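Trainee: I am attaching a structure below and will ask some questions about it afterwards.
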Amino acid sequence: MTVAQTNDFKIPKTPLAVRFSPSAVVPWFVIILTIGLVLLPLVPIGYQALLDRPLYDAGGKLTLKNLSDLFFDARFHAAVGNSLLFAVGATLIAQLMGVTAAVLVGRTNIAGKSLIIALVVWPMLVSDLVKALGWSIMYGPAGYVTQFASLNLGLPAWNLNSLGGMMIVGGISHAPLAYLFCIGAVRAMDPAIEDAARTAGASRRTVLFRIALPLLRPALIGSTFFNFIMCLETLSIPLIFGKPSGIMLFTTYIYMNSVQAVTQNYGIVAASSFLLLAVLLITVKLQRKMLGDTRRFITVGSKAGRQKDFELGAFRWPVSIATLSVMIAAVGIPLLGVLLQAFAEFFSPLIPYAEVATLDNFRYLWSRPIYTRALVNSLIISSVGAAVGVVLVFMIAAIVTRTRNKAGPALEAFAMLPRAVPGMIAGLGFFYAAVLFPPLGWTRGTLVILIIAFIMRYLPLGLGTLMPSMMQVSADLEHSARTSGASWLKTMFHILLPILKPSLLAAYTVLFLQFFKDYATAVFLYSPGTEILGTVMLLLVWDGHTGAVAALATVQVLLTFAFIVTVGRLSKFKLYD
Amino acid sequence: MSDVTLQDVSRLYGTKAAVKTLSLVVPDGSFVSLLGPSGCGKTTTLAMIAGLDRPTGGRISIGGTLVADGAAGYMMLPEARNLGLVPQSYALWPHMRVSQNVGFPLKVRKMPAAQRQQRIAEALALVEIGHLADRYPHELSGGQQQRVAIARTLAYRPKVLLLDEPLSNLDAKLRERARHWLRSLQRELKMTTIFVTHDQGEALSLSDHVAVLDGGELAQYGTPEDIYLRPATPFVADFIGGCSFVKGAVVAKGARGQPTVRLDGGSVLALGVQDRDFAIGQTVSAAVRPEWLTVAGTHAPNVIAVKIDGLEFSGDRYNVFGTHGGHPIRFSSEKRIDGEVGLACDVDRIVLFSADAIGRCGPEAAPKP
């Protein structure tokens, strides 16, 4: 046999030996970069909260006055109370809707299942600002549907500009998240576990409450906390529904005392941001504690057998129609409202649409260079920022899942920290950081600082998208490449990256969409020339230019859909599957 | 020459030692098994030879070239060692066809395309799967995947073949066929092979030498016959083939030191020559394999009187569980038996250990249910 003969070709660069390998240096670089990125905005907020004047003014002294001012500000008390009430109510609604949908889709024979699956995540792709706008256009006090109902059906006009109304809007816009968290867990449940409980004498009811739901606990707790945090940090809903009726939340309190204030009160803004951060970090900590060791919930055993769907019987169609109706009412009609408003100067059931239909809103946008500039900036930030973000996310995931680096767990914890940092506060922190640390000064007034802030803000999301698939790729694949002669670099480019290509593309898409629809992170960071879609829309909402916002929102939503269709064509992957 | 030498190799994780001062010479062209239960350090040892893990102490050399020195912090990268690794999962690259899998290491070595094609065809023919060259890994059965993994390493002619439990993912029948095939392939190629397994049957039937690892330490290194017939420690005796340990005391010694032992239950055995020396009066444990015992009359010489506790039918025979002086004894019988029986012993094979050598292993230490 010829194979056993001596080597007749050269072995690469022998002897390739190291005393100090580069693979020991790169991880530390990434670890320091990540921890720096996460701490950079947070530390200055704490510092400013304890400073008696803006941090760029010389001679600042440490003080507790900011905190005590806050403590005696009745408006702040009201904002905190409202925020907590709103977050609890909206989270409950979101969970109830999302978990119900997950169980209906995951475990019952509901009719039209594939249609529901296809539609249920679309609301995630649209900015909260646009959804809230749509709700206001359709269901607000002067909304089309509200007016129509009270005029033609004699129904009493409801008032969404109330805490209860805000809870409904918030709950509905965050329900898809609860669904996504739970659908995976519902599907992964091993039917044998339930069968075992049934044969051991448990009734269906007992199985549901003692076996099935406890196994869903990580998903339930995870989504509840995540939604609670999202509700605490939301800015668009209190701005659109709270401002007209004078209901202020934590976020609007900060927003009005800074961006929209005649003289910014830096101390108050930093102190309240600092408090909100503290509340959120404690919430995250609490969540980890409540979950404990998640392995307790992993169902061990056979390849998931075929789950038996719960038979809905005669209710198969009614339940399906009810579910679809809720989805249409909650998402379809508001988006239709945005579209119709975009092409009308005034949108009301009192006037026939043909009489108000116009392209004026778009002409207005076109006539002001700021809007095209914002669109171009948004596209640049999303495409470039998401690419840089994916590289960082990949390196972090590689260190956490691929090396035995002792700092791996700490790196993961730091990288996941920003999920407790609201976008607006991250932006504020980077604004301070750019003032405080001269090396960052040059980024002020450029798109770079926006990209940095966005990457920090959505680091947890990117990791959450990439890490599970990375953990599924066996390290053996790289080990055998290395022993068969491929260098670390060649192993990366020929083995790991090609295998991960679909997941990397998914992470890029998710980051792109988040960057594209974000409006809160940039509030403190943009300057003339670096406006983005979100910030100009927020200003238009503030000024009450509903037609122009609707037109911009239409452009944003259409571009989002175009992007997803293109990515889908390129890779045939399904987002959020 | 591609012998592999490990000299006092250790691997610490924090304070916990996965491998402790392991010394081993794998001669050129031989087939050596690293055998032990899970957690004994065999896979860590293989990883250190491959360059995927770094020894914290000791030296490893391959074919006379130093590849790792724990104390000096020196380590040759895995890609420079020119070894062939077949991991337990086979680790076929899922995005490449079979021919691309086999060709990738050649491409990395910048082999011209024509020669590469020839080499791929040769390697695939050698493992008899030439017809599968255009398939993707997920389109292959477990046995075929294993062959691709081996072809992939053979194609570039590594100095040493490292196999990490390559048979454990195959079903029982296929495993036996693969075992024969692997052995004849290795004989044909005369390639130095290190084979990691927890299956003693595989280790004994395939290897020229077997290294038994116990808790990160080398318990015994020898030919399969040595390991089986002359276990150096109670652990080796018990792990390879299974043993009953019966306590007793040395009562007399023969001309060449052959001990006579009175077991705790009263039976007396005159044993053959032992590797270790024992004093008269010393308490000892006799390691008895089931296949060294045959059912006989109760009161003959060299017979152990056993009270039977239970039977298990295994098709061609019964596995019998009994006790002698309170010590469990396992043996087999062709017929259903009951009550008390005498067991004639192959006294020349029984191995004696001093009673205090029976540490964590052996029936005495088995956790009580």
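The values are calculated or read from the model by the stated rules, or taken from the named source; none is laboratory data. Model, not experiment: these values are computed from the prediction. FYI the Cβ positions are ideal-geometry reconstructions off the backbone, even for glycines, and counts take in every protein chain you see. Surface accessibility is based on the protein's heavy atoms, side chains included, excluding ligands, DNA and RNA. Shrake-Rupley method; radii C 1.70, N 1.55, O 1.52, S 1.80 Å.
Trainee: Give, in nm to one decimal, the length gained when the segment between B:Ser354 and B:Gln282 is fully stretched (0.36 nm per residue of separation minus the Cα-Cα distance).
Mentor: 25.2 nm
Trainee: Same structure, new question: Which aspartates and glutamates have a Cα lying under 16 Å from the Cα of B:Lys20, excluding residues fewer than 8 positions away in the same chain?
Mentor: By straight Cα distance, B:Lys20 reaches B:Asp8, B:Asp53, B:Asp69, B:Asp214, B:Glu217.
Trainee: Would you grab the residues whose amide H sits under 5 Å from the one on B:Val251? Only those 5+ places off in sequence or on another chain, please, with H modelled 1.01 Å from N.
Mentor: Answer set, sorted by chain and number: B:Thr260, B:Val261, B:Arg262, B:Gly281.
Trainee: Something else about it: Per residue of B:67-75, count partner chain C-beta atoms within 10 Å of its C-beta, then hand back the mean as an integer.
Mentor: Per-residue shielding by partner chains comes out at 2.
Trainee: What is the mean number of Cβ atoms from other protein chains located within 10 Å of the Cβ atom of each residue in peptide A:470-476, rounded to a whole number?
Mentor: Per-residue shielding by partner chains comes out at 3.
Trainee: Per residue of B:82-95, what is the mean number of Cβ atoms on other protein chains within 10 angstrom of that residue's Cβ?
Mentor: Numbers: counts 7, 4, 4, 7, 3, 7, 2, 5, 4, 10, 3, 9, 6, 8.
Mean inter-chain Cβ contacts per residue within 10 Å come to 6.
Trainee: Using the Cα gyration tensor of the stretch B:120-184, with a ≥ b ≥ c the square roots of its eigenvalues, what is the shape: rounded (a/c below 1.5), prolate (a/b larger than b/c) or oblate (neither)?
Mentor: oblate
Trainee: By per-residue mean of other Cβ atoms within 10 Å, what is the highest-first order of A:554-567, A:444-457?
Mentor: A:444-457, A:554-567
Trainee: Can you bin chain A into rounded, prolate or oblate? Criterion: square roots of the alpha carbon gyration tensor eigenvalues sorted a ≥ b ≥ c, rounded for a/c under 1.5, prolate for a/b above b/c, oblate for the rest. Don't skip to the end; give the middle numbers.
Mentor: Working: a/c = 1.61, a/b = 1.19, b/c = 1.35.
Taking the square roots of the gyration eigenvalues as a ≥ b ≥ c, chain A is oblate.
Trainee: Per residue of the stretch A:531-542, in order, report the coupling 6.51 cos²θ - 1.76 cosθ + 1.60 (Karplus, θ = phi - 60°) as ³J(HN,Hα) in whole Hz, putting x for Gly and Pro.
Mentor: 5, 10, 3, x, 6, 5, 5, 4, 5, 5, 4, 4
Trainee: Would you please give the residues with an amide H less than 5 Å from that of A:Ser474, counting only those at least 5 places away or on a separate chain, with H modeled from the backbone geometry?
Mentor: Long-range HN contacts for A:Ser474: none found.
Trainee: Would you pull out the residues with amide H under 5 Å of B:Val160's amide H, same chain only if 5 or more places away, H placed 1.01 Å from N?
Mentor: The list, which skips near neighbours in sequence, is B:Gly84.
Trainee: Determine the distance separating the Cα centre of the stretch B:290-321 from the Cα centre of the stretch A:382-414; give it in Å without decimals.
Mentor: Rounded to whole Å, the Cα centres lie 62 Å apart.
Trainee: In debye, nearest 20: dipole of the protein assembly as shown around its Cα centre with unit charges on the Cβ of K, R (+) and D, E (-)?
Mentor: The calculation lands at about 820 debye.
Trainee: Same structure again: Output the antiparallel fraction of DSSP beta bridges having both residues in the protein assembly as shown, as a percent to the nearest 5. Please list the in-between numbers first.
Mentor: On the way: 67 of 86 bridges.
Here the antiparallel bridges make up roughly 80 percent for the protein assembly as shown.
Trainee: With labels modelled as points extended 7 Å from the Cα through the Cβ direction, what inter-label distance (nm, one decimal) is found for B:His131 paired with A:Ile193?
Mentor: In this crude spin-label approximation the distance works out to 4.4 nm.
Trainee: Per-residue ellipticity at 222 nm for the protein assembly as shown, helices alone: DSSP H runs ≥ 4 residues times -39500 (n - 2.57), over residue total, nearest 500 deg cm²/dmol?
Mentor: Result for the protein assembly as shown, helices only: -15500 deg cm²/dmol.
Trainee: Listed highest first by mean packing, meaning other Cβ atoms within 10 Å per residue, what order do A:534-546, A:509-521, B:252-264 come in?
Mentor: The densest-packed peptide leads the list: A:509-521, A:534-546, B:252-264.
Trainee: Shifting gears a bit: For B:Lys190, A:Lys113, write out the residues from largest to smallest accessible area, computed with a 1.4 angstrom probe and no ligands counted.
Mentor: Of B:Lys190, A:Lys113, the descending order of accessible area is B:Lys190, A:Lys113.
Trainee: I've got another one for you. Given a Förster distance of 51 angstrom, what is the FRET efficiency for B:Lys190 paired with A:Arg569, based on the Cβ-Cβ distance and rounded to 0.05?
Mentor: For B:Lys190 and A:Arg569, the calculated efficiency is 0.40.
Trainee: Could you calculate the contour length gain from A:Ser150 to A:Ala475, that is, 0.36 nm times the residue separation minus the distance between their Cα atoms, to one decimal place in nm?
Mentor: 110.6 nm
Trainee: Any of B:Lys173/B:Lys307; B:Lys307/B:Lys335; A:Lys65/A:Lys289; A:Lys243/A:Lys517; B:Lys42/B:Lys190; A:Lys501/B:Lys173 with alpha carbons more than 26 Å apart? Name them for me.
Mentor: B:Lys173/B:Lys307; A:Lys65/A:Lys289; A:Lys501/B:Lys173
Trainee: Can you compute the FRET efficiency between A:Phe71 and A:Ser527 using 1/(1 + (r/R0)^6), with r the Cβ-Cβ distance and R0 = 56 Å? Round to the nearest 0.05.
Mentor: 0.95
Trainee: Starting from the Cα of B:Tyr13, step 7 Å along the direction of its Cβ; do the same at A:Asn109; then give the gap between the two resulting points in nm.
Mentor: For B:Tyr13 paired with A:Asn109, the spin-label model returns 4.9 nm.
Trainee: Between A:Ala157 and A:Thr206, what is the FRET efficiency for a Förster distance of 60 Å, r being their Cβ-Cβ separation, to the nearest 0.05?
Mentor: For A:Ala157 and A:Thr206, the calculated efficiency is 0.85.
Trainee: Next up: Step through the residues of the stretch A:379-390 one at a time and calculate ³J(HN,Hα) from phi using the Karplus curve (6.51 cos²θ - 1.76 cosθ + 1.60, θ = phi - 60°), rounding each to whole Hz and writing x for Gly and Pro.
Mentor: For the stretch A:379-390, the Karplus-derived couplings read 5, 5, 4, 5, 6, 6, x, 5, 5, 4, x, 5 Hz, x marking Gly and Pro.
Trainee: Enumerate the residues in the stretch A:22-61 having an amide nitrogen under 17 Å from the point lying 7 Å beyond the Cα of A:Ala410 toward its Cβ.
Mentor: Within reach of a label on A:Ala410, which here means backbone N under 17 Å from a point 7 Å along Cα→Cβ, the stretch A:22-61 contributes A:24-40.
Trainee: In addition: In sequence order, what are the phi-derived ³J(HN,Hα) couplings for the stretch B:200-209 according to the Karplus relation 6.51 cos²θ - 1.76 cosθ + 1.60 with θ = phi - 60°, rounded to whole Hz, with x for glycine and proline?
Mentor: 5, x, 4, 4, 5, 6, 8, 8, 7, 9
Trainee: Follow-up question, since we're still on this one. Find the centroid of the Cα atoms in the stretch B:215-242 and in the stretch A:429-449, then give the distance between the two in whole Å.
Mentor: Cα centroid to Cα centroid, the span is 67 Å.
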